[in-house]
1. Restrict the check to segment 115-134 and report whether at least one residue is on the phi > 0 side of the Ramachandran plot, open to solvent by 30 Å² or more (accessible area, probe 1.4 Å) and at pLDDT below 95.
2. Specify the residue that is nearest to Phe73 (Cα to Cα); the eligible residues are those in segment 345-370 that are in a loop (DSSP other than H, G, I, E, B), open to solvent by 10 Å² or more (accessible area, probe 1.4 Å) and not basic (Lys, Arg).
3. Could you run through segment 313-323 and say how many residues are assigned to a loop (DSSP other than H, G, I, E, B) and either free of Cβ contacts under 8 Å to residues at least 40 places away in the same chain or open to solvent by less than 10 Å² (accessible area, probe 1.4 Å) (or both)?
4. Determine, yes or no, whether Gly326 is over 17 Å from Ala358 (Cα atoms), at pLDDT 95 or above, touching a helix residue (DSSP H, G or I) at 6+ places or on another chain (Cβ under 8 Å) and surrounded by fewer than 24 Cβ atoms within 10 Å (Cβ to Cβ).
5. Which members of segment 89-114 meet the condition of being touching a Lys or Arg at 6+ places or on another chain (Cβ under 9 Å) and open to solvent by 30 Å² or more (accessible area, probe 1.4 Å)?
6. Among Leu330, Leu301, which is the only one that is without any contact (Cβ under 8 Å) to a residue 60 or more places away in the chain, over 30 Å from Arg21 (Cβ atoms) and assigned to a helix (DSSP H, G or I)?
7. Report the residue count in segment 231-257 for those that are farther than 15 Å from Tyr152 by Cα and β-branched (Val, Ile, Thr).
8. Residues that are of a type in the set (Asp, Glu), at pLDDT 90 or above and open to solvent by 30 Å² or more (accessible area, probe 1.4 Å): does segment 242-249 have at least one?
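The values are calculated or read from the model by the stated rules, or taken from the named source; none is laboratory data. What you see is a predicted model, and the numbers here were worked out from it, not measured in a lab. Heads up, the Cβs are rebuilt from the backbone with ideal geometry, glycines too, and the neighbour counts pull from every protein chain shown. Keep in mind that these areas ignore ligands, DNA and RNA; they rest on the heavy atoms of the full protein, side chains included. Shrake-Rupley method; radii C 1.70, N 1.55, O 1.52, S 1.80 Å.
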Amino acid sequence: MMRRWPLPLLLAATLAFVGLRVRAPYFLAWREALPGLCLIAGLFLAWRWRRQRALAILLLFGGSVALCQNLEFGRKKAAVLRAEPELLRTYGSHFIVGYQDFAEIRELVRRGAVGGIFVTTRNIAGKSAVELRSEIAELQELQAQNGLPPLYVATDQEGGAVSRLSPLVPLQPSLAAWLKTGSARDYAALQARALAGLGVNLNFSPVVDLKHPALGEFGPSLLAQRAIAADPAIVGAAAGEYCRGLEENGVRCTLKHFPGLGRVEVDTHWREGEISGGREELEKKEWRPFREVLAQSPAFLMVGHARVSAIDPEHPASISRALVQGLIRLSWGHEGIVVTDDLAMAPIYDRKGGVGAASVQALNAGVDLLLLSYDGELYYEAMAALLKAAKSRRLDQNLLSQSARRLAHNPPLKKGGRGDFAAVVNGKKH
């Protein structure tokens, strides 16, 4: 015989589970209301269904844990905002942060506590292009008043399935589809003019991962739909032209997702993936388009969270000193900007120490920019960890100095950035 009220009990159990992890990025929308819902539901169950006392206790426990987690977040946030302004500016320059509340990101910018912002679908909901442009301009004005370089204003506008600022930016087909009849440079120019018109100066595109048809059209992260081709020569040529088209119109490009997610069999938003194969094989295939484009343009490089078993089987690439400092910096000799993929993803968030420990590890690995695009509130956890690490001298000051120089030499472009691209193509120091 089926128990009475199975659906409410199932809902109550779900609320209790979520309450235990209310600060996790995937429960962002539940965060404020969850503690109260759990506590009210627990009290109601204890009063209405005495036989469900165990579930009521679980709900009350989940609500209490959620409340404590929110209070701890508030304490950590307050501590960060009380930090010495110079420290906030120094370490804040390494962050690109997404936001839901404009007033909150405005306050961080006013303090000089971030180096960039990330704008996406939630930031354009119900807004016109003029309104978004006005918000971005206000933040840039605050940054200028602080005597700091312009903010990186980043987005994910790949075209096709990942077009976070459409319809304000006209929707384009995927780059792979466009290339059947048009050029990557023209595609990027159309995109960049629209982005620059909004105040966006950094695009997390193009996808340089190779297609692996064996994983299927709807494989992990839909990469088969987002990637350009399976041939590294075709990918490198198209990505190079794409970056040229963006740069010529005032927007920096970003090659992603090094070390190449095309052959990873899981979605690294949710699980830690591994890239198999030896270094020689990866250099010839997965890494070839990355190296080719980096050699001819000031493209940024986004490092994902997959592990490369041949280089560092223990750490995700985004926090691996062996991958970033050892391979990219020393072996390849690359001195451009390296940015992490979003640190809110499960392989980082669920790792021991979470986003805080990963932020310290990433900067100590030679990364320049820490991306927190989905859950901007994780900024306070990451910054608190950096401040603590700095106090205990666990940050590599030599690498941080090198990173500061790279950031100074790679500021956001003004609209029409032809000179910057030409300097790199001609072999001049950028």
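1. Within segment 115-134 (the criterion being on the phi > 0 side of the Ramachandran plot, open to solvent by 30 Å² or more (accessible area, probe 1.4 Å) and at pLDDT below 95), the answer is yes, since at least one residue qualifies.
2. Checking each candidate, the answer is Gly353.
3. Here the count works out to 4.
4. no
5. Arg89, Gln100, Arg111
6. None of the others qualify; the one that does is Leu330.
7. Residues that pass the stated criteria total 2.
8. Checked segment 242-249: at least one residue is of a type in the set (Asp, Glu), at pLDDT 90 or above and open to solvent by 30 Å² or more (accessible area, probe 1.4 Å).
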